[in-house]
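The structure under discussion appears below in the form of structure tokens.
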Amino acid sequence: MSLDMTRPASGPAAGRAHRPTLASPGPAVLAIAGIFLLSVMDGVIKFVAETHSTPQVALMRYLAGGAMAFLVFAALRTPRPDRATLRPHAWRSVVVIATALTFFYALATLPLAVVLALSFTSPIFIALFAGLILGERPGRSVLTAIGLGFIGVLVVLSHQITSADATETSHLGIAAALISAVTYALSMVVLKSRASRDPLATIVLLQNVFPALLVAPFGLLAWTATDWKELVLMLAIGALGTGGHLCLASAYRSEEASRLGVYEYTAFIWAIAIGFFAFGEVPGFGTLLGAGLIIGGALLASRRRRLPEPEVDVGP
């Protein structure tokens with residue numbers, strides 16, 4: 001994978017980029033690839049979460065991810081981050097760990113399809129936070145795309161909730177999934193504010209190390225024995241998480257956060273494919289209809305206009 005460190009163009013060429021044009025495929029492909037890797041990771045996490053507590057799963061996930069990210073950091077000979085770099089990433093880690101804990105809890109208490117459907121509200125919050133924090137003004141096509149994708153999610157979610165029992169659709173699990181969508185959106189907007197300034201390897205390394213430190217006391221208190229198969233799965237989770245976040249960090253370096261947020265909806269497409277090929281699950285009509293709306297929204301979001309790079313720091 002090529003880690004493109006190039007900043008957006010300036011001068012006359014940049015002025016022409018303000019006119020609506022077709023989006024460059026690079027950021028979109030990277031975002032979709034990153035979401036695919038993280039979708040596979042979610043499935044593995046749900047399996048592990050059936051036998052271990054949420055804090056322990058989060059700790060193992062970030063320890064494994066930190067080890068993988070450090071290998072990338074060392075291989076690229078990335079300079080050590082200074083204090084000015086560490087501070088915003090320390091703040092972002094609070095949001096990241098809040099996302100992980102609430103999302104992992106939702107995975108452990110709700111069906112995967114329901115959790116994913118609820119998590120797809122995150123593009124709405126990404127667009128809102130991008131406007132409030134970064135000054136982005138998503139155009140009509142982005143807002144329409146978000147609306148189409150969200151309607152598709154509602155189509156899928158209505159079927160899942162009405163067919164599930166009371167335990168699977170517990171209020172706490174649903175609340176946790178929605179909270180994770182809000183905190184995830186905030187973490188992605190904060191990522192956008194740093195993606196053009198810090199090396200990608202540094203971003204992903206700190207995104208694993210700081211959350212591991214924060215959750216370590218809770219994970220160790222709730223620790224239960226793991227066998228070698230579970231350790232292998234945790235290493236796989238670390239590799240998938242590191243690869244996924246490298247792709248997302250690279251994508252957010254050169255594209256508007258509100259526009260890339262729409263591609264979060266493709267996670268449900270990956271869930272359908274993984275469920276069919278790995279577990280023989282055949283999606284129903286409602287699932288396919290919702291997926292069609294999600295794909296339509298993602299395609300509509302391919303039209304864009306370039307905004308200047310944000311010059312803001314997020315967090316204390």
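The values are calculated or read from the model by the stated rules, or taken from the named source; none is laboratory data. Not measured: the values here are computed from a predicted model. Don't worry about glycine lacking a Cβ; one is built from the backbone with ideal geometry, like all the others, and counts go over all protein chains shown.
If you go through the stretch 104-117 and pick out every residue that is modelled with pLDDT under 80 and under 17 Å from the mean Cα position of the chain (by Cα), you end up with 5.
Looking across Leu37, Leu86, Leu63, Leu101, one residue alone is at pLDDT 90 or above, at negative phi, in a helix (DSSP H, G or I) and over 16 Å from the mean Cα position of the chain (by Cα). It is Leu63. For beta carbons closer than 6 Å, sequence separation of 6+ or different chains, a first residue in the stretch 136-157 that is touching a residue at least 60 places away in the same chain (Cβ under 8 Å) and under 10 Å from Pro123 (Cβ atoms) and a second that is crowded, with 24+ Cβ neighbours inside 10 Å and of a type in the set (D, E, K, R), the qualifying pairs are Val142/Arg259.
For the stretch 46-60, name all the residues that are of a type outside the set (S, T, N, Q) and either closer than 26 Å to Gly275 by Cβ or at pLDDT below 90 (or both).
Quick first cut of the stretch 46-60, residues of a type outside the set (S, T, N, Q) only: 46-50, 52, 55, 57-60.
Lys46, Phe47, Val48, Ala49, Glu50, His52, Val57, Ala58, Met60, listed by residue number.
Is there a residue being within 17 Å of Gly43 (Cβ to Cβ) and surrounded by fewer than 19 Cβ atoms within 10 Å (Cβ to Cβ) anywhere in the stretch 91-110? The answer is no, given that none of the residues of the stretch 91-110 is within 17 Å of Gly43 (Cβ to Cβ) and surrounded by fewer than 19 Cβ atoms within 10 Å (Cβ to Cβ).
State which residue is nearest to Arg92 (Cα to Cα) when the search covers only the stretch 256-270 and only residues that are over 11 Å from the mean Cα position of the chain (by Cα) and crowded, with 24+ Cβ neighbours inside 10 Å. Step by step, filter the stretch 256-270, then rank; the result is Ala257. When the residues of the stretch 73-83 are filtered to those that are modelled with pLDDT of 90 or more and assigned to a helix (DSSP H, G or I), the one that is surrounded by the fewest Cβ atoms within 10 Å (Cβ to Cβ) is Ala75. Inclusion of Glu311 among residues that are modelled with pLDDT under 75, within 22 Å of Leu157 (Cα to Cα), surrounded by fewer than 18 Cβ atoms within 10 Å (Cβ to Cβ) and more than 22 Å from the chain's Cα centre (by Cα) is not warranted. Among the residues of the stretch 192-225, the one identified as modelled with pLDDT under 85, in contact with a Lys or Arg (Cβ under 7 Å, 6 or more places away or on another chain) and either part of a helix (DSSP H, G or I) or closer than 17 Å to Arg83 by Cα (or both) is Ala195.
Take the stretch 219-238 and flag every residue that is within 24 Å of Phe36 (Cα to Cα) and either hydrophobic (A, V, I, L, M, F, W, C) or buried (at least 17 other Cβ atoms within 10 Å of the Cβ) (or both). Scanning the stretch 219-238 gives Leu231, Val232, Leu233, Met234, Leu235, Ala236, Ile237, Gly238.
The residue of the stretch 41-52 that is nearest to the chain's Cα centre (by Cα), among those that are closer than 15 Å to Pro111 by Cα and part of a helix (DSSP H, G or I), is Asp42. Residue count for the stretch 151-173 under the criterion of being hydrophobic (A, V, I, L, M, F, W, C), modelled with pLDDT under 85 and surrounded by fewer than 19 Cβ atoms within 10 Å (Cβ to Cβ): the result is 5. Quick one: would you say Ala216 is surrounded by fewer than 18 Cβ atoms within 10 Å (Cβ to Cβ) and either of a type in the set (A, V, I, L, M) or in contact (Cβ under 8 Å) with a residue 24 or more places away in the chain (or both)? Yes: the conditions hold for Ala216.
From the list Arg92, Arg80, pick out the single residue that is out of contact with any His (no Cβ under 9 Å at 6 or more places or on another chain) and free of Cβ contacts under 8 Å to residues at least 40 places away in the same chain.
Testing whether each residue is out of contact with any His (no Cβ under 9 Å at 6 or more places or on another chain) and free of Cβ contacts under 8 Å to residues at least 40 places away in the same chain leaves just Arg80.
Within the stretch 292-303, which residues are modelled with pLDDT under 75 and outside any loop (DSSP other than H, G, I, E, B)? Answer for the stretch 292-303, where residues must be modelled with pLDDT under 75 and outside any loop (DSSP other than H, G, I, E, B): Ile294, Ile295, Gly297, Ala298, Leu299, Leu300, Arg303.
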